[in-house]
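Scroll down for the structure; my scribbles are underneath it.
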Amino acid sequence: MNAIRGMLLVLVAVFSLQAAAESIAVLSVEEALLKSKAAATFREGLKRELASEEKQVVEMEKQAKGLQDKLRKNQGLQSSDDAKQLALQFQKAYGQYQKMGQELQQKRAERERDFLQEMRPKLDQVIRDLIKQKGFDVVLAKQATVFIRTELDITPLVIEQLNKL
């Protein structure tokens, strides 16, 4: 009974929203940002910027895997001192690999945050301009919708306007 009452309330709310809002649109903010030319340029620049560090991480991973393989192959064939020394080398290499990987991830995340912080005011302005220009009463997050007709999706318009900036 409560489920039916709840569904009725949701339907009333939806129809009330539809009656009050004559012009509804949906927008995927994340998609708009990620598909913009600025994002493509940012990704290319970030890739170039972090290329040498990524190469170092890959090399450290290879070194750690090589030591691990050597440790496995020589298990029981070498003296305990040699085995301990090889195990310490592996632990050191693996620790460096993890540290370098984490630092690289943090650096990438920091650059991405900076990019989003730089783009957010531009995105907000584009959205406000489109709302004024097209007279939208409601703009919903695309991710919050179950179904929406494609002509109500303003994401491509937002991408187009962002690319003009």
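List of remarks:
- For segment 14-165, the fraction of alpha-carbon pairs in successive 10 Å shells from zero, as %: 10, 25, 19, 15, 13, 10, 6, 2, 0
- For segment 58-123, taking the reciprocal of the average inverse distance between every pair of different Cα atoms yields a Kirkwood hydrodynamic radius of 14.2 Å.
- Taking 0.36 nm per residue of separation and subtracting the Cα-Cα distance, full extension of the segment from residue 62 to residue 89 would add 8.4 nm.
- Listed by number, the DSSP H helices of the chain that run 20 Å or longer by alpha-carbon position along their axis and have mean Kyte hydropathy of at least 0.0 are 2-20.
- In a simple Cβ point-charge model (Lys, Arg +1; Asp, Glu -1; nothing else charged), the chain has a dipole of about 340 debye relative to its Cα centre.
- Between the amide H of residue 26 and those of 140, 153, 154, distances stay under 5 Å, these residues lying 5 or more places away or on another chain, with hydrogens modeled in the peptide plane.
- Each Lys or Arg adds one and each Asp or Glu subtracts one; over the other residues with Cβ under 13 Å from the Cβ of residue 86, this totals +2.
- Residues listed by number, segment 108-148, amide nitrogen under 13 Å from residue 34 label point at 7 Å toward C-beta: 143
- Listed pairs 122/142; 55/142; 55/122 exceeding 26 Å between Cα atoms: 55/142; 55/122
- Within segment 136-165, backbone nitrogen closer than 18 Å to the virtual label 7 Å beyond the Cα of residue 122 toward Cβ: 155-165
- Of 65/107; 132/164; 37/132; 107/164; 62/99, pairs whose Cα-Cα distance is over 22 Å: 65/107; 37/132; 107/164
Every read-out reported here was derived from the displayed coordinates using simple, explicitly stated rules and does not represent laboratory data. Values in this document were obtained by computation on a predicted structure and should not be read as measured data. Don't worry about glycine lacking a Cβ; one is built from the backbone with ideal geometry, like all the others, and counts go over all protein chains shown.
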